[in-house]
1. Build a GNM of the chain with springs between Cα atoms under 10 Å: which of Pro51, Pro17, Pro108 gets the top mean-square fluctuation?
2. With each run of n ≥ 4 DSSP H residues scored as -39500 (n - 2.57), what mean residue ellipticity at 222 nm is computed for the chain after dividing by its residue count and rounding to the nearest 500 deg cm²/dmol?
3. Quick check on region 1-143: what are the equivalent-ellipsoid semi-axes from the Cα gyration tensor, as sqrt(5λ), descending, whole Å?
4. Going through the cross-link list Lys40/Lys112; Lys33/Lys103; Lys33/Lys112; Lys76/Lys103, which pairs have a Cα-Cα distance over 23 Å in this structure?
5. Can you sort Met65, Met98, Met20 from fewest to most other Cβ atoms within 10 Å of each residue's own Cβ?
6. Got the relative contact order for region 1-134 handy, in percent, Cα pairs under 8 Å and 6 or more residues apart?
7. Arrange the following residues from fewest to most other Cβ atoms within 10 Å of their Cβ: Phe92, Phe11, Phe105.
8. If each of Ala30 and Met65 carries a label point 7 Å out from its Cα toward its Cβ, how far apart are those two points in nm?
Amino acid sequence: MPEPDSIAPEFHIETTPREMEAAIHAAVSALAKERGIEVKKTRLELATPHPAGVDFRVTCEVKAMLMSASFTVAGKAEIGTDLVAVVKTLDFSGEGMMASMAKGFAEPQLDKIRGKRYSLAQVNLPGLRVESVQVQAAERIRLTVRLGRVAG
């Protein structure tokens with residue numbers, strides 16, 4: 001049996017893609033409603049190209065008056081051992097007049113997010129340090145943080 005000091009503590013944060021998709025839909029819908037646009041459907045796609053990174057793609061189908069459109073926001077985010085997530089890239093795409101209008105509304109919001117650092121932990125862990133961070137995106141979205149003891 002391993003000694004208690006040799007056990008690497010870790011913690012997990014989990015959600016489902018469906019729960020995250022619902023949260024994104026609610027946020028996008030609230031912003032769109034201010035402009036008289038209804039978000040009919042939101043789809044979230046995730047991939048984890050390496051342990052501490054996630055590629056994401058959010059596609060929204062929207063309607064305003066008699067016009068409908070679809071647009072996509074895609075990007076990459078990484079989480080460091082400092083437990084800070086950084087949105088590395090964030091791109092808007094869509095076709096048609098309504099998507100062009102949506103891009104005009106969306107770009108200033110996306111500019112606020114691009115490159116921004118989001119701290120995931122404000123907790124001081126005396127005697128511990130973050131050894132690794134891993135993101136998994138499949139049936140569940142799981143962030144695993146493995147801790148190690150500070151030498152000394």
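Throughout, read-outs are computed from the coordinates displayed, never taken from laboratory work. Everything quoted here is computed from the prediction, not taken from an experiment. Because the Cβ atoms are built from the backbone with ideal geometry, glycine has one as well, and the counts that use them run over all protein chains shown.
1. Comparing Pro51, Pro17, Pro108 in a Gaussian network model of the chain, the most mobile one is Pro108.
2. On the way: 2 runs with 34 residues, N = 152.
After summing the helix terms and dividing by the residues of the chain, the value is -7500 deg cm²/dmol.
3. Numbers: eigenvalues 266, 45, 31 Å².
Semi-axes, largest first: 36, 15, 13 Å.
4. On the way: Lys40/Lys112 25 Å; Lys33/Lys103 15 Å; Lys33/Lys112 20 Å; Lys76/Lys103 19 Å.
From the list (Lys40/Lys112; Lys33/Lys103; Lys33/Lys112; Lys76/Lys103), the Cα-Cα distance tops 23 Å for Lys40/Lys112.
5. On the way: Met65 9, Met98 19, Met20 16.
Taking fewest neighbouring Cβ atoms as first place, the list is Met65, Met20, Met98.
6. Values: 189 pairs, mean separation 22.0, N = 134.
Relative contact order for region 1-134 comes out at 16 percent.
7. Numbers: Phe92 18, Phe11 10, Phe105 14.
Ascending number of Cβ neighbours within 10 Å: Phe11, Phe105, Phe92.
8. 2.8 nm
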